[in-house]
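A short write-up of the structure that comes next.
The values are calculated or read from the model by the stated rules, or taken from the named source; none is laboratory data. Treat the numbers as computed from the prediction; the structure is a model and nothing was measured. In this analysis, Cβ positions are derived from the backbone assuming ideal geometry, glycine residues included, and neighbour counts consider all displayed protein chains. For the accessible areas, the whole protein counts, side chains as well, though only heavy atoms, and no ligand, DNA or RNA atoms are used. Shrake-Rupley method; radii C 1.70, N 1.55, O 1.52, S 1.80 Å.
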Amino acid sequence: MKYLWLVHLPLLVLLGYLYWRNRSMKQRQDALVQGLKERHYWRINLARPGFYKSWLRIMPFEAKGVLIDDGEIMRIKGFWLKGHRPFESSIDKASASVQWLGNRHLRAGNLYWAELNTPRGALLFCADTGMYALPSREALSDIFRSAFPDYGLDEQQTADFALEKNPRSISMVAAFFALFLFSLIDTFVISRFELTDAQLLNMLVSPLLPLGAAAGAGVLLLSCYFFMNRGGVPARESMVVGTFVALAALGATLPAAKRVDQWLADGPTQAYAYRVTSNTRLEPVDPSLGLPRMYFPRAREYWNQFPPGSDYQIPFLRGPLGLWQLDHAAFDPPLIAFYEKR
């Protein structure tokens, strides 16, 4: 714990660098705006096609600037983030070719983009609204309506994506609800088998299990994302729905593992000898079996009738996955009878 701060130091350095860089960029952009009094302009981020298609980058754009409407001419003034080199380009509105790209994939950086052909080649731009998808889409729509009124924007480009109209997003939403309901119903309604608290704690503190769960959830998230994105679902919606499906799958993993272990078990529930060590704690008589320790804080009155050192039989089902599942159908009747008498 003494040197824990060293683990967070690289992250703090990165955050500090990004804050300084963003502040520096905004100051330079503000300087561009100072000379644009009484002119119609928009703050924008820019990128060249090669940069836009690359994965090896921190920011989703490589330049900041302003888009200026000078009547028949559109002007772009800005500076590249690398080297802070200024640039300026003029485009004749009559011959300008502009295309709405939207938020097609992760490389878009949660922003909505458009492509504009300039004398220096194709240049991509988005409204400078921060890293938020909804304001980015709305601001880019406003730019199109004002600067490029002849470009026909449709409802699909300017409105929220309708998940209920795409078969791939529908299937993923259905998968989410199926996994979510399975984990709830199987755990709390129809299953009489339960994993002990000690066994669950051992799973959580094991370094391999969280890493494996995170890796599996990541693979599933990316699989869902690409499945939906290639079917026409925008990047943002694909990522959100994929995240929910991955989380639901994580929640359903343990109930599913319990079910598989039950089906593959060689025999029925067996009773194992435990020794009462206190009024709520029991230890396995044979530790070599790997049985979990038991703790029953909510049934003190029942366990108080067994003096320390006495033995008690606890029913477990164990399958090839190695899970010790407490069988409540065999375990609960004595407790229920005891409390009914009271």
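Observations on the structure shown:
- Options Ser90, Ser95, Ser54; residue that is over 34 Å from the mean Cα position of the chain (by Cα), polar (S, T, N, Q) and at pLDDT 85 or above: Ser90
- Those residues of the stretch 105-154 which are among the aliphatic types (A, V, I, L, M), in a loop (DSSP other than H, G, I, E, B) and crowded, with 20+ Cβ neighbours inside 10 Å, in sequence order: Leu111
- Which numbered condition Lys82 fails, given (1) under 29 Å from the mean Cα position of the chain (by Cα); (2) open to solvent by 50 Å² or more (accessible area, probe 1.4 Å); (3) under 21 Å from Leu18 (Cβ atoms): (1)
- The set of residues in the stretch 85-104 being touching a residue at least 12 places away in the same chain (Cβ under 8 Å) and in a loop (DSSP other than H, G, I, E, B) consists of Ala96, Ser97, Asn103, Arg104.
- Tally of residues being within 11 Å of the chain's Cα centre (by Cα) and open to solvent by less than 50 Å² (accessible area, probe 1.4 Å) across the stretch 214-238: 5
- Taken together, Phe180, Phe188, Phe161 contain a single residue that is of a type outside the set (A, V, I, L, M) and modelled with pLDDT of 85 or more, which is Phe180.
- Residues that are farther than 17 Å from Lys258 by Cβ, part of a helix (DSSP H, G or I) and in contact (Cβ under 8 Å) with a residue 40 or more places away in the chain within the stretch 179-235 comprise Cys224, Tyr225, Phe227, Met228, Asn229, Ala235, listed in sequence order.
- Taken over the stretch 74-87, the residue count meeting the criterion of being more than 18 Å from Gln27 (Cβ to Cβ) and at pLDDT below 85 is 0.
- Given (1) modelled with pLDDT under 90; (2) of a type in the set (A, V, I, L, M, F, W, C); (3) open to solvent by less than 70 Å² (accessible area, probe 1.4 Å), index of the condition Ala246 fails: (1)
- Residues (touching an Asp or Glu at 6+ places or on another chain (Cβ under 8 Å), open to solvent by less than 40 Å² (accessible area, probe 1.4 Å) and not in a strand (DSSP E or B)) located in the stretch 38-61: none
- Being closer than 21 Å to Ser191 by Cα, open to solvent by less than 70 Å² (accessible area, probe 1.4 Å), more than 38 Å from the chain's Cα centre (by Cα) and aliphatic (A, V, I, L, M) holds for only one residue in Ala265, Ala271, and it is Ala271.
- Being farther than 30 Å from Asp69 by Cα and open to solvent by 20 Å² or more (accessible area, probe 1.4 Å) is a property that Ser171 has.
- Residue check for Phe161: assigned to a loop (DSSP other than H, G, I, E, B) and either open to solvent by 50 Å² or more (accessible area, probe 1.4 Å) or closer than 20 Å to Asn103 by Cα (or both): yes
- There is at least one residue in the stretch 199-213 that is open to solvent by less than 30 Å² (accessible area, probe 1.4 Å) and within 18 Å of Leu323 (Cβ to Cβ).
- From the list Lys64, Lys77, the one residue that fits, being open to solvent by 40 Å² or more (accessible area, probe 1.4 Å), under 24 Å from Arg145 (Cβ atoms), touching a residue at least 24 places away in the same chain (Cβ under 8 Å) and part of a strand (DSSP E or B), is Lys77.
- Note on the stretch 297-342: among residues that are assigned to a strand (DSSP E or B) and open to solvent by 90 Å² or more (accessible area, probe 1.4 Å), the one that is farthest from Thr187 (Cα to Cα) is Gln313.
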